[in-house]
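Novice: This is the structure I have questions about; it appears just below.
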Amino acid sequence: MDYIYYYHSPLGRITLAGDKDKNALTGLWFDGQKYFGSTLTKDFTQKKLPVFEQTAQWLDIYFKGKEPDFTPPFLMKTTDFRKMVWEILLTIPFGKTMTYGQIADKIAKQKELPKMSAQAVGGAVGHNAISLIIPCHRVIGTNGSLTGYAGGIEKKLQLLTMEKADF
C-alpha cells in the first residue's frame, strides 16, 4: 500500500507519496502537475509517515531559500534510463543549472555512446516523480531558456529565482 501526505508550500499544495516498509519517499508533485501521481498505485491512503516529516523539514528549509543539509530517503520507481538521468540531476548544486545537452553528453559518456538525444533526456527529466529533491527545475535549454517543467514554467522561474540561480 502507498501512503500520501499533503504539504502546503508557498507555490501551492504538494503531494508526497511514500513506502512505509522502506521508509522512503516515492513521489513529490505539485498538485495538478503533468504526470502527477505517476508512482502511486490505486491503493493508497493518507497517513503521516516518518519520511513525510523529514521531507516536510527539508521543504521548510528549501522554501526559506536555503539549501537543506540532508536529503530524506527516497526510492526511484522508474526505468534504468530515467534513473541514470535523475542521478545526474542530483549532482546539480543548489542555485546552479545544467542544460539538457550537458546531461545528454554525460549519459553518452557513461554508456560509451558517440551521442545521446537531448530530447530523450528531456523526456526522462519531465517524468521525474520526486520533484525538488531530485532537482529537475534546474535543467534549462541550451540558450538559457526555461523550457519544460512538469510543474509549469512559472513555478520553475520562481524556484530558480528563490535559489538565486544564474540562468
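Novice: Take the residues of region 30-45 that are hydroxyl-bearing (S, T, Y) and open to solvent by 50 Å² or more (accessible area, probe 1.4 Å): which is nearest to G126 (Cα to Cα)?
Specialist: Our first condition is that a residue be hydroxyl-bearing (S, T, Y); within region 30-45, this holds for 35, 38-39, 41, 45.
Going one step further and asking which of them are open to solvent by 50 Å² or more (accessible area, probe 1.4 Å), we end up with 35, 38, 41, 45.
Values: Y35: 8, S38: 11, T41: 20, T45: 26 Å.
So, considering only residues that are hydroxyl-bearing (S, T, Y) and open to solvent by 50 Å² or more (accessible area, probe 1.4 Å), the one nearest to G126 (Cα to Cα) is Y35.
Novice: Just to verify a result, which residue in region 1-52, among those that are hydroxyl-bearing (S, T, Y) and farther than 19 Å from I134 by Cα, is modelled with the lowest pLDDT?
Specialist: Top of the filtered list is T41.
Novice: Being in contact (Cβ under 8 Å) with a residue 60 or more places away in the chain and either open to solvent by 80 Å² or more (accessible area, probe 1.4 Å) or among the aliphatic types (A, V, I, L, M) (or both) is the requirement here; does K155 meet it? Lay out the reasoning, then the answer.
Specialist: Working: in contact (Cβ under 8 Å) with a residue 60 or more places away in the chain: yes; either open to solvent by 80 Å² or more (accessible area, probe 1.4 Å) or among the aliphatic types (A, V, I, L, M) (or both): no.
Considered against the rule, which asks whether it is in contact (Cβ under 8 Å) with a residue 60 or more places away in the chain and either open to solvent by 80 Å² or more (accessible area, probe 1.4 Å) or among the aliphatic types (A, V, I, L, M) (or both), K155 comes out as no.
Novice: Would you confirm whether any residue within region 78-90 is within 24 Å of F167 (Cα to Cα) and surrounded by fewer than 15 Cβ atoms within 10 Å (Cβ to Cβ)?
Specialist: yes
Novice: Now for a separate question. Yes or no: G148 open to solvent by 50 Å² or more (accessible area, probe 1.4 Å) and under 28 Å from K77 (Cβ atoms)?
Specialist: Values: open to solvent by 50 Å² or more (accessible area, probe 1.4 Å): yes; under 28 Å from K77 (Cβ atoms): yes.
Yes; evaluated as a whole, the condition is true for this residue.
Novice: Looking at region 103-111, is at least one residue among the acidic types (D, E) and outside any helix (DSSP H, G or I)?
Specialist: Step one: list which residues in region 103-111 are among the acidic types (D, E), which gives 105.
Checking the rest, the ones that are also outside any helix (DSSP H, G or I) come to none.
Checking region 103-111: not a single residue is among the acidic types (D, E) and outside any helix (DSSP H, G or I).
The values are calculated or read from the model by the stated rules, or taken from the named source; none is laboratory data. What you are looking at is a predicted structure, and each value in this text was computed from that prediction instead of being measured. FYI the Cβ positions are ideal-geometry reconstructions off the backbone, even for glycines, and counts take in every protein chain you see. With ligands, DNA and RNA removed, areas are computed over all heavy atoms of the protein, side chains included. Shrake-Rupley method; radii C 1.70, N 1.55, O 1.52, S 1.80 Å.
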